[in-house]
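Encoded as structure tokens, the structure appears first; notes follow it.
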Amino acid sequence: MSATPSTSVRTAAARPREGGEPALNSRRRGNERSAAAARRFLLRHPGIVRLGVVILIMIAWEIAARWFMDPLFIAPPSRVFTSLGSVLGTAGIPAALRLTFFELAVAFVIAVTLGLVIGLAIGLQPFARRSLMPIVLLVYGLPQITILPLFILLFGIGAASKIAFGVTHGVFPIVITVVAGVQNIKPILLTSARSMGASRWQVLRWVIFPHMIPSFFAGMRLGMSGVLLGVLLAELYVSTAGIGYFTQMFTENFDPTKLFGLITMLAAMAIALNEIVRRAEIHFSRWR
């Protein structure tokens, strides 16, 4: 007995269309392969992700500054970047940039030197580590802005007070990371080096320094940020020159375009210093 037309229609509807499932699976596998390839590409090129984040921030900043924020307090990035020439043309700005960069460089070198010496002196001696490290942590936790007047009394209002205040902000992170790096060295390495007749300098050069490079350069990056903060704080409060002084002046004059332009130059300066530290880390990491 032949099937009725309605039964044939139901049977055809229930039967999967020929080639439907294989095509769907093929598209799914293709999408998965594309997603995996995109992930591998982004892992190989992390700079693209960073660039994308920066672009998104700039777009959000532009939209907020143009349509949602008071123009007396914030300027859009397009106006900031186009005003960099006029900011550099402002009387006193080039000299202020040179002065601030000089103060940053000198303070950073002093902070790194002191931090390395003090960190090794504390980290290599268990007694010094137990007795002095709590004092270092205590002083590091104090709000140093409260003792800025003491620096002004001791060093005056010139570059010396800014450099000294920057050093106090940058030296403690370096000391702490150096001590942590020394503690991570396996004692068997030090014992082996001494048993083979290595001098103190050879132990430092071939055992201690290579094993503390990651923590030391991490401390240098933190110390650089601290030095930058200390120098700018000192310039904001007592200086008659430098980027901090002009930052305060543009803020009081409600000139956000020049203010953000100056901050952009300051960020470029910090990026340049960070790149110097990164290249030094790559160079000295060859010891390992």
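The values are calculated or read from the model by the stated rules, or taken from the named source; none is laboratory data. Just so you know, these numbers come straight off a predicted model, no measurement behind them. Glycine also receives a Cβ, built like all others from the backbone with ideal geometry; neighbour counts cover every protein chain displayed.
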Legend entry - Residue tally, condition free of Cβ contacts under 8 Å to residues at least 24 places away in the same chain and either among the hydroxyl-bearing types (Ser, Thr, Tyr) or crowded, with 19+ Cβ neighbours inside 10 Å (or both), over the stretch 267-283: 0
Inset, instruction - With respect to LEU88, determine if the residue is at pLDDT below 85 and under 24 Å from the mean Cα position of the chain (by Cα). - result: no
Legend entry - Among the candidates ILE110, ILE59, residue that is of a type in the set (Val, Ile, Thr) and outside the structural domain of THR264 (by TED's automatic domain parsing): ILE59
Legend entry - Tabulated pairs, the stretch 175-187, first within 18 Å of GLY226 (Cβ to Cβ) and assigned by TED's automatic domain parsing to the domain that holds ILE213, second buried (at least 16 other Cβ atoms within 10 Å of the Cβ) and basic (Lys, Arg), C-beta under 8 angstrom, 6+ apart or interchain: VAL179/ARG129
